[in-house]
1. Just to be sure I understand: of the beta bridges DSSP finds with both ends in segment B:1-86, what percent are antiparallel, rounded to 5?
2. What's the whole-number percent of alpha carbon pairs in chain B lying beyond 18 angstrom?
3. Rank B:63, B:18, B:40 by mean-square fluctuation in a GNM of chain B with C-alpha springs under 10 angstrom and give only the top-ranked residue.
4. Given the C-alpha centroids of segment B:80-108 and segment A:26-75, what is the distance between them in whole angstrom?
5. Divide the volume of the convex hull of the Cα atoms of segment A:22-83 by its number of residues and quote the answer in cubic angstrom per residue.
6. Could I have the simple spin-label model distance between residue A:61 and residue B:40, label points 7 Å from Cα toward Cβ, reported in nm to one decimal?
7. Divide, for chain A, the radius of gyration over alpha carbons by 2.2 N^0.38 Å, where N is the residue count.
8. When the Debye formula is applied to the Cα atoms of segment B:53-113, each taken as the same point scatterer, what base-10 log of I(q)/I(0) results at q = 0.23, 0.26 Å⁻¹?
């Protein structure tokens, strides 16, 4: 059974810093990995999707890497801003035809102005 | 192009009543997923539907819960005889293809008194 863990559970940093969020998964046979952000009381916004054959994806100040063999992904946020404050969720589609994403519990990020 | 629309945003039911949650996917998306988020827990996959078909309901409780996605109209998640443990945020997501980028609605917060 696939399990996804995100570390740290919470993080507070001053504005302008670069930061890294970590995600690990127990079964390396994944189809793809996705990063989302969730704002309080709202739904999820998709940030990046990395296919199992890819090593990284970039979108603006965000860069996500994938090391499938070690079961790890990182989300790098450059030059953080207060608007980046949210909960960041990592999720994987497992191989073998699994139809639902397995989510981690998220990292609650606060960027201090 | 409107995003994924869920209604109602908030739903209050007494124990034993029925709850109906509605989801209209993004235009052009025929793949619909329902997830549940319990307090202090991550999102859990419930069911995956395509038009008029349930593809995977492995995450849905066997009793009291049902889902449909008719040819015309929104997808419906139905919970019969609700209990306090059903209180949670229920999110719908849609995608243009299986296991591709997911677009989430804002969720329905169900409270059972």
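1. Roughly 100 percent of the beta bridges in segment B:1-86 run antiparallel, per DSSP.
2. Pairs farther apart than 18 Å: 44 percent.
3. Sorting by GNM fluctuation, first place goes to B:40.
4. Distance between centres, Cα-based: 20 Å.
5. Residue-normalised Cα hull volume stands at 97 Å³.
6. About 3.3 nm separates the two model spin labels.
7. In units of the 2.2 N^0.38 Å rule of thumb, it is 1.02.
8. -1.22, -1.39
Rule-based calculations on the coordinates, nothing more; no lab input. The structure displayed is predicted, hence computed values, not measured ones. Virtual Cβ from ideal backbone geometry, glycine too; neighbours counted across all protein chains shown.
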